[in-house]
1. Accessible area per residue of the chain at 1.4 Å probe, in Å²?
2. To the nearest Å, what is the center-to-center distance of the stretch 150-217 and the stretch 39-88, using C-alpha atoms only?
3. Pairs of alpha-carbon atoms within less than 8 angstrom and 6+ residues apart define the contacts here; what relative contact order does the stretch 2-61 have, in percent?
4. Residue by residue through the stretch 176-189, which ³J(HN,Hα) values in whole Hz follow from phi under the Karplus form 6.51 cos²θ - 1.76 cosθ + 1.60 (θ = phi - 60°), with glycine and proline marked x?
5. What does the extension gain come out to for residue 123 and residue 200, with contour length at 0.36 nm per residue minus their alpha carbon separation?
6. With the dipole of the stretch 128-269 worked out from charges on the C-beta (+1 for Lys and Arg, -1 for Asp and Glu) around the Cα centre, which of 204, 185, 131 lies farthest toward the positive end?
7. Structure shown: which of 119/159; 8/252; 189/244; 119/140; 119/186; 159/186 lie over 21 Å apart, alpha-carbon to alpha-carbon?
8. Just round it to a whole percent: the fraction of Cα-Cα distances in the chain exceeding 24 Å.
Amino acid sequence: MIAFYCDKCGDENTYNYTSPLDSTNDLITIDCSNCQNSHNIHIWSSNHSSNYDYNIQNAYKTSDYEAEYKSYINSVIFNQEQLLNTAISEVTNKSAFINRLLFTQSIVNLETYFSDTIKHCILNSDLLLRSFIINSDKLKNEKYTLQNYIMNPNFIYDKVKGRLNEILYHNLAAVIDIYENVFQIKLSKILTNKRSYLEKSISIRHDCVHRNGKTIDGFSHEITQDDIIKLTTFVSELMIEIEKQIQPVRIKFINENNPCADFSEEIPF
Ligand SMILES: [Zn+2]
């Protein structure tokens with residue numbers, strides 16, 4: 001099975017490959033099922049063996065270290081680009097409903113980015129996992145018996161994973177708390193005076209999702225093409241800036257897990 005994440009849209013693609021009987025080298029092209037980006041794949045195998053290995057262009061093998069993380073980033077950035085392209089097309093001048101959908105989706109993308117990357121970082125680093133527990137009002141004072149630990153060697157990991165799954169990632173205060181106290185990244189400083197703009201946009205997203213675009217008092221939000229473009233651009237720039245700042249944190253825990261790796265890498269966009 002050939003399995004990879006597309007480096008354009010982040011989607012996972014799989015392909016059932018069978019080695020040809022008369023050759024130890026093969027070259028195939030697979031188009032991403034989501035964005036149709038073409039991927040050339042060089043496959044090789046030893047003589048008379050069904051085992052093979054492969055190199056792939058414009059993609060990450062799913063088995064590669066950190067491939068999943070890169071796919072999260074590529075996916076949200078691709079979705080933001082799609083949103084922006086749709087927002088500047090004429091369709092957004094015609095439908096208040098479509099405008100609400102596009103506006104809402106930008107916040108959903110940001111929420112997905114927070115959720116995927118925060119969970120990945122904390123669950124892949126002993127240091128960050130410890131720091132999360134110490135800073136979690138819910139977890140830090142919980143008490144368990146020795147039996148809990150004996151019965152489940154992953155007890156602490158599972159508790160943290162459960163807590164991370166409970167967090168609502170459109171709760172900006174909760175997200176800022178994790179960035180500032182666990183990752184030591186001053187998210188409120190990155191947001192500067194745009195925090196109230198983001199909070200207002202999150203609240204409009206709530207009204208769009210739960211009240212068809214109306215406030216609790218029945219007031220209808222008017223979302224224009226300019227509003228969508230402004231929010232989409234802001235969310236993309238915010239994610240890119242956070243990603244720049246989280247790189248050293250990631251590199252630290254990657255090296256913590258693989259002392260010989262000496263990992264350093266550019267941001268994948
Ligand atoms: Zn793709």
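The values are calculated or read from the model by the stated rules, or taken from the named source; none is laboratory data. These numbers were taken from a predicted model, which means no experiment stands behind them. Neighbour counts run over all protein chains shown; Cβ positions are idealised from the backbone, glycine included. Accessible surface is based on the protein model in full, side chains and every heavy atom, while ligands, DNA and RNA are left aside. Shrake-Rupley method; radii C 1.70, N 1.55, O 1.52, S 1.80 Å.
1. On the way: 15100 Å² over 269 residues.
Heavy-atom SASA per residue in the chain reads 56 Å².
2. Here the answer is 29 Å between Cα centres.
3. Numbers: 104 pairs, mean separation 20.5, N = 60.
Once normalised by length, the contact order is 34 percent.
4. 4, 4, 5, 4, 6, 9, 9, 8, 6, 10, 7, 5, 5, 6
5. Net length gain for the segment: 24.6 nm.
6. Positive-most Cα among the choices belongs to 131.
7. Numbers: 119/159 13 Å; 8/252 26 Å; 189/244 14 Å; 119/140 18 Å; 119/186 18 Å; 159/186 26 Å.
Pairs exceeding 21 Å: 8/252; 159/186.
8. Numbers: 21717 of 36046 pairs.
Result: 60 percent of Cα pairs exceed 24 Å.
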